[in-house]
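Some notes on the structure that comes next.
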Amino acid sequence: MLSGKNVLLAVTGSIAAYKSAFLVREFIKSGAFVKVIVTEAALQFVTTVTLSTLSKNPVYKDFIKDENTGEWNNHVDLGSWADLMVIAPATANTISNLVSGKADSFFLSTFLSCNAPVFVAPAMDLDMFKNKSTQSNIQLLSKRSINVIEPNEGELASGLEGKGRMEEPEEIVTYINNYFLEKATLKNLNILISAGPTYESIDPVRFISNHSTGKMGYALANEAQKRGANVQLVSGPVSLKTPENVQRIDVKSTLEMKKEITKRFDKIDVLIMSAAVADYEPKNIASNKIKKQDQEISIQLKKTPDILKDLAKIKKKQIVIGFALETENGIENAYKKMKRKNLDAIILNSLTDTGAGFGHDTNKVTLITPSEKREFELKTKDLVAIDILNFVEECV
Ligand SMILES: Cc1cc2nc3c(=O)[nH]c(=O)nc-3n(C[C@H](O)[C@H](O)[C@H](O)COP(=O)(O)O)c2cc1C
């Protein structure tokens, strides 16, 4: 469950900080991307070189990177980068700061900026842990939906025996993994997503295509895998990185796309066709490059197969969602398209709104089903993907 996730690990000033190096390795082993923040006190116990080498990223401590240029570390950006934040070891002092909402360090400001799930692994001597202030702070954190990973009983650095030993790194990773497994709302669901444009060949060097970049389909694939689905991404030619845990199948033409989707259709639960598939392809593909001529030439086009319609016609249990790009009478045309093609929902893409449609990182969509219409604000394609997959969750 951690593969491909962005883990923000905060290390604070406990003797258990030496274990944070192992923790970074465990996260990396499970396929996560790791960035580390340290408190001033943590550096008494572990070095930035160790943490940076293991995490393959610079370690953060201060707001200001360079006094001369004024370059600074952005706590808001780092907080929103994180898919989860782990504070391990968490000292009594840090736990108290988390409760009070203090923001006088880069670490605490990042914590306050982070909307992702937070996991706190306390580490301290038994009496510090038993102390009523610590206990009441821990309870408050739990009440605020922060996940507290209970420390173990055993021998402590002070030589005393009792409860306060930070949970072992492997166990912390297992705990977090289980947390995400429980939240994996699309677990065991097979979702096929198509993305990008198609290329319809004219001759060996030329083709007809469109401006689709595939960003929307890739965002959907990424969100679906985060929710635990088995995701196959049938992709037209794009220059995007394949999301983690996603099986990508590259295709060029509409025919190839149809072939790859059709042969998988029986075994999938959800099909989301976000690819900008060509409606027409050249009737004949010249076997040699068409030479430049003095007179005009014309290319005769024939209709491509309608992948969505053909598959929705034979669907059984599958939920089939299409995309529509309309330049006029959007809602009406999209609704008709959904009915005509027997779809469960259609996502109407706006080309008329600034920042929406092809190429942008943002999109403005309306989700139309036979019984309702949900209009969404202009938002990043990652957030649009969340809205669409929330709908999928309601259907399955
Ligand atoms: C050798 C040594 C070990 C310490 N171990 C712990 C510990 O395990 N847990 C704890 O809560 N504080 C421990 N402290 C005290 C913290 O380092 C101290 O409260 C510090 O202010 C914590 O700062 P931070 O929470 O910003 O990292 C230790 C201090 C020293 C000198």
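The values are calculated or read from the model by the stated rules, or taken from the named source; none is laboratory data. It should be emphasised that the depicted structure is a prediction, and the values quoted were computed from it without experimental measurement. Quick reminder, even Gly has a Cβ in these numbers, built from the backbone with ideal geometry, and neighbours come from all protein chains shown.
Could you tell me whether L367 is in contact with a strand residue (DSSP E or B) (Cβ under 8 Å, 6 or more places away or on another chain), outside any loop (DSSP other than H, G, I, E, B), under 21 Å from I193 (Cα atoms) and not aromatic (F, W, Y)? Give the steps one after another, and end with the answer.
Numbers: in contact with a strand residue (DSSP E or B) (Cβ under 8 Å, 6 or more places away or on another chain): yes; outside any loop (DSSP other than H, G, I, E, B): yes; under 21 Å from I193 (Cα atoms): yes; not aromatic (F, W, Y): yes.
Criteria met by L367.
L311 meets the conditions (1) more than 27 Å from the chain's Cα centre (by Cα); (2) in contact (Cβ under 8 Å) with a residue 60 or more places away in the chain in every case but one. The failed one is (2).
Which one is surrounded by the fewest Cβ atoms within 10 Å (Cβ to Cβ), of the residues in segment 103-126 that are assigned to a helix (DSSP H, G or I) and touching a residue at least 12 places away in the same chain (Cβ under 8 Å)?
Taking segment 103-126 first, the residues assigned to a helix (DSSP H, G or I) are 106-113, 126.
Next cut, touching a residue at least 12 places away in the same chain (Cβ under 8 Å) only: 106-107, 109-113, 126.
Numbers: F106: 22, F107: 27, S109: 19, T110: 27, F111: 26, L112: 14, S113: 17, L126: 18.
That would be L112.
Name the single residue that is surrounded by the fewest Cβ atoms within 10 Å (Cβ to Cβ) among those in segment 281-324 being closer than 30 Å to N222 by Cα and in contact with a Ser or Thr (Cβ under 6 Å, 6 or more places away or on another chain). Write out each step before concluding.
Step one: of segment 281-324, the residues closer than 30 Å to N222 by Cα are 304-324.
Now restrict to residues that are in contact with a Ser or Thr (Cβ under 6 Å, 6 or more places away or on another chain): 304, 323.
Values: T304: 18, F323: 24.
Of everything passing the filter in segment 281-324, T304 is surrounded by the fewest Cβ atoms within 10 Å (Cβ to Cβ).
Taking the criterion of being touching a Phe, Trp or Tyr at 6+ places or on another chain (Cβ under 8 Å) and either under 17 Å from A312 (Cα atoms) or among the small types (G, A, S) (or both), the residues of segment 236-271 that qualify are G236, S253, L271. Taking first residues from segment 156-169 that are of a type outside the set (V, I, T) and partners that are at pLDDT below 95 and within 12 Å of the ligand (Cβ to nearest atom), the Cβ contacts under 6 Å between residues at least 6 apart in sequence or on separate chains come to G164/L156. The C-beta contact set for segment 74-102 (first residue outside the structural domain of I64 (by TED's automatic domain parsing) and touching a residue at least 24 places away in the same chain (Cβ under 8 Å), second residue near the ligand (Cβ under 8 Å from one of its atoms) and outside any loop (DSSP other than H, G, I, E, B), distance under 6 angstrom, 6+ apart or interchain) is empty. How many residues, within segment 1-38, are more than 16 Å from the ligand (Cβ to nearest atom) and either in a loop (DSSP other than H, G, I, E, B) or hydroxyl-bearing (S, T, Y) (or both)? Number of matching residues: 8.
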